[in-house]
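Read through the structure below, which is laid out as structure tokens, and then see the notes.
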Amino acid sequence: MTVKIERGQIVTVERGKRTARRLPGMGLLDGMAVVWKHWAGSFRKNQGFNDIHGVFTYEYPEERPKLPEAYRNMPILLYDDETSHELCTSCFQCERICPPQVIHMTQAKDPATGKPVPAVAEFVIEYDACMSCGFCAEVCPFDAIKMDHEFELSTADHQKLTVFKEQLNRPISYYERIAPTMWAEVRDGAMKKLQGNIKRRPDVIGMAPNLAEKIAARRRELEAAAAAATAPAAPAAAPAEGRKLTPEEKAAKLAAIKAANAAKKAGDTVEPPVAPAGAAPADEKAARLAAIRAKNAARKGEAPDAPPVVAGEPAGEAPPADEKAARLAAIRAKNAARKAAEGSDGAPVEANVAATEPAAAPPAAGAATSAAEAATAPADEKAARLAAIRAKNAARKAAGGGSDAAAPTTTGNVDGGGPGASDDAALS
């Protein structure tokens with residue numbers, strides 16, 4: 001029977017008639033009657049809160065009450081079911097705010113660089129001293145720590161109440177089952193932050209350690225990805241012709257580039273020879289030597305020495321680089337001698353230049369014929385070299401001694417005496 005009384009209403013209770021005299025012990029019997037009535041009603045299970053003469057007892061442990069989502073007992077850690085990565089980043093917020101200071105953690109580090117990464121290496125909670133306040137779950141910015149509904153934690157072993165990360169880890173699906181509404185409110189933000197943290201975790205750092213099979217599978221996946229990434233890198237490093245340049249080819253190419261830059265700075269329009277990719281070692285060496293000489297000549301403003309001629313070498317096997325270097329040396333010697341003659345006042349130097357011109361370089365009309373002869377006759381190469389040496393000596397004396405000292409030099413050079421003769425003897 002339910003009595004509803006409105007607020008402010010006065011209720012009058014009638015006790016009924018009472019006998020003038022009551023026997024001793026009648027009040028005790030009346031009280032015992034009330035106890036008996038309630039005791040007998042306790043065997044009847046109530047079906048609702050309107051039934052006041054029954055019991056609400058659950059047949060525990062076969063029948064368990066449904067706990068509210070906000071119920072809190074002890075903290076747990078969450079990890080993603082799909083990637084097995086933990087949501088915790090070891091930000092130490094829960095450790096700082098814990099009133100009894102029962103949370104302890106260590107941040108993970110990259111084994112290659114030693115720098116910290118957003119993952120937790122060790123996580124320990126002392127359940128025996130935890131007060132279940134829930135501050136850790138409220139302050140966590142990554143929603144990695146939540147309050148569990150499990151309360152059957154009694155044990156005779158006190159050491160088991162110090163719980164490590166392996167026992168604290170729970171999948172997200174577990175917490176979603178016990179608190180679906182609360183997890184739905186924070187799911188999007190938590191998963192977005194987790195994906196950002198996974199990108200900063202190398203190898204298998206941050207994965208739940210109790211999932212050994214998934215960790216091993218992840219390691220195999222990373223090794224396969226690394227092998228696939230390094231496989232196409234080898235063909236890409238090769239040059240376009242399908243082979244690598246030898247050290248000699250690289251040196252010749254570098255020397256030619258440097259010589260071209262030096263000649264460009266000095267105002268020389270003649271380009272040094274460049275060795276082709278498939279040239280022989282002798283051609284490569286000659287090209288390197290010609291490039292070095294051209295660079296030195298451009299730097300000093302003098303004519304470079306002609307390349308040496310190998311005695312007894314067949315005319316048909318003469319390297320093209322040596323022929324081109326000899327022609328280039330003769331042309332540069334001619335230009336240097338002409339510039340030196342124009343800078344001096346002595347006419348004999350001009351005569352010397354005129355005498356050396358036929359040997360230095362043929363006319364433009366017969367350039368092709370001279371090149372063919374130089375390729376077949378070593379005597380022409382020797383003559384070109386001699387002309388270069390004589391022109392160099394003449395230019396040096398003309399610049400140093402003036403017109404008075406230039407006349408004997410001209411006579412000596414033309415007649416075959418003086419330094420030119422010594423050069424001839426050296427060459428012979």
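Given the residues Lys244, Lys192, which is the only one that is at pLDDT below 80, among the charged types (D, E, K, R) and not assigned by TED's automatic domain parsing to the domain that holds Pro61?
The conditions single out Lys244.
Filter the range 144-196 down to residues that are in contact with a strand residue (DSSP E or B) (Cβ under 7 Å, 6 or more places away or on another chain) and among the basic types (Lys, Arg) and give me whichever is farthest from Ile76 (Cα to Cα).
Once the filter is applied, the top-ranked residue is Lys165.
Just to be sure, is Val124 in contact with a His (Cβ under 7 Å, 6 or more places away or on another chain) and free of Cβ contacts under 8 Å to residues at least 60 places away in the same chain?
Yes: the conditions hold for Val124.
Got a number for residues in the range 100-118 being at pLDDT 95 or above and either acidic (Asp, Glu) or in contact with a Cys (Cβ under 6 Å, 6 or more places away or on another chain) (or both)?
2
In the range 124-143, how many are within 11 Å of Pro75 (Cβ to Cβ) and under 35 Å from the mean Cα position of the chain (by Cα)?
Result for the range 124-143: 1.
Looking for something within 25 Å of Leu211 (Cβ to Cβ), surrounded by 12 or more Cβ atoms within 10 Å (Cβ to Cβ) and without any contact (Cβ under 8 Å) to a residue 60 or more places away in the chain - is there at least one such residue anywhere in the range 145-152?
Checking the range 145-152: not a single residue is within 25 Å of Leu211 (Cβ to Cβ), surrounded by 12 or more Cβ atoms within 10 Å (Cβ to Cβ) and without any contact (Cβ under 8 Å) to a residue 60 or more places away in the chain.
Can you pull out every residue in the range 50-67 that is at pLDDT below 80 and under 17 Å from Phe151 (Cβ atoms)?
Hit for the range 50-67 is Tyr58, nothing else.
Looking at the structure I just gave you, is Phe123 in contact with a Cys (Cβ under 8 Å, 6 or more places away or on another chain), part of a loop (DSSP other than H, G, I, E, B) and under 22 Å from Gln107 (Cβ atoms)?
Here the answer is no, as Phe123 does not meet what is asked.
Could we say that Ala70 is farther than 30 Å from Ala144 by Cβ and either in a helix (DSSP H, G or I) or not assigned by TED's automatic domain parsing to the domain that holds Gly189 (or both) here?
No; evaluated as a whole, the condition is false for this residue.
Among the residues that make up the range 83-94, is at least one of them farther than 23 Å from Asp188 by Cβ and touching a residue at least 24 places away in the same chain (Cβ under 8 Å)?
Scanning the range 83-94, I find no residue that is farther than 23 Å from Asp188 by Cβ and touching a residue at least 24 places away in the same chain (Cβ under 8 Å), so the answer is no.
Of everything in the range 73-101, what is in a helix (DSSP H, G or I) and surrounded by fewer than 21 Cβ atoms within 10 Å (Cβ to Cβ)? Give them in sequence order.
Correct list: Gln93, Glu95, Arg96, Ile97.
Of Leu67, Leu168, which residue is over 31 Å from the mean Cα position of the chain (by Cα) and crowded, with 17+ Cβ neighbours inside 10 Å? Lay out the reasoning, then the answer.
Values: Leu67 fails: crowded, with 17+ Cβ neighbours inside 10 Å.
The match here is Leu168.
Looking at the range 158-217 only, could you name the residues that are farther than 24 Å from Ala108 by Cα, of a type outside the set (A, V, I, L, M, F, W, C) and in a loop (DSSP other than H, G, I, E, B)?
None; the set is empty.
Just wondering, is there one or more residues in the range 177-190 that are aromatic (Phe, Trp, Tyr) and buried (at least 18 other Cβ atoms within 10 Å of the Cβ)?
Within the range 177-190, one or more residues are aromatic (Phe, Trp, Tyr) and buried (at least 18 other Cβ atoms within 10 Å of the Cβ).
The values are calculated or read from the model by the stated rules, or taken from the named source; none is laboratory data. Since this is a predicted model, take the numbers as computed values, not measurements. Neighbour counts are summed over all protein chains in view; Cβ atoms, including those assigned to glycine, are modelled from backbone coordinates with ideal geometry.
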